[in-house]
Amino acid sequence: MDLATRAANMATRLINSNTFMNIFLIGSFAALSVRSVNQQKDIEALEAEKVSLIKSNKAMKMVMWDWKQQLFSEASSSPDSAIVPLARLKVIYGEAATVPGSGDAETDVVKSPAAKLVI
């Protein structure tokens, strides 16, 4: 029983001492530093991925712009043999304003963006 009492007293003194508190604070600081370094690495990786995605999106926008211009040029150069007429292409891409309910089924525009894609 004497040994247990001594151990309890020693543990109490250790907990109340400045050395224990300093060790605890240094350990906490070290743990937070490691976490901060890991988070910084994650942020840098995400920023690099963001730059890559922005470049990829710009490239896709350019390709889609070129396709659109090609469709318009094909439809305007040969209106009789075009798969989709130029007027319909302009409606699909939102470049021509039409009045819904005008009676012309080809030029009527539905307000839903998904409906614009259906030919």
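A few comments on the model shown:
- In this structure, Phe20 does not qualify as closer than 30 Å to Ile92 by Cα and in contact with a helix residue (DSSP H, G or I) (Cβ under 8 Å, 6 or more places away or on another chain).
- The residue that is modelled with the lowest pLDDT, among those in region 42-88 that are in contact with a Ser or Thr (Cβ under 9 Å, 6 or more places away or on another chain) and of a type in the set (A, V, I, L, M, F, W, C), is Ala82.
The values are calculated or read from the model by the stated rules, or taken from the named source; none is laboratory data. Since the model is a prediction, treat every value here as computed from it, not as a measurement. Backbone-built Cβ (ideal geometry, glycine too); neighbour counts: all protein chains shown.
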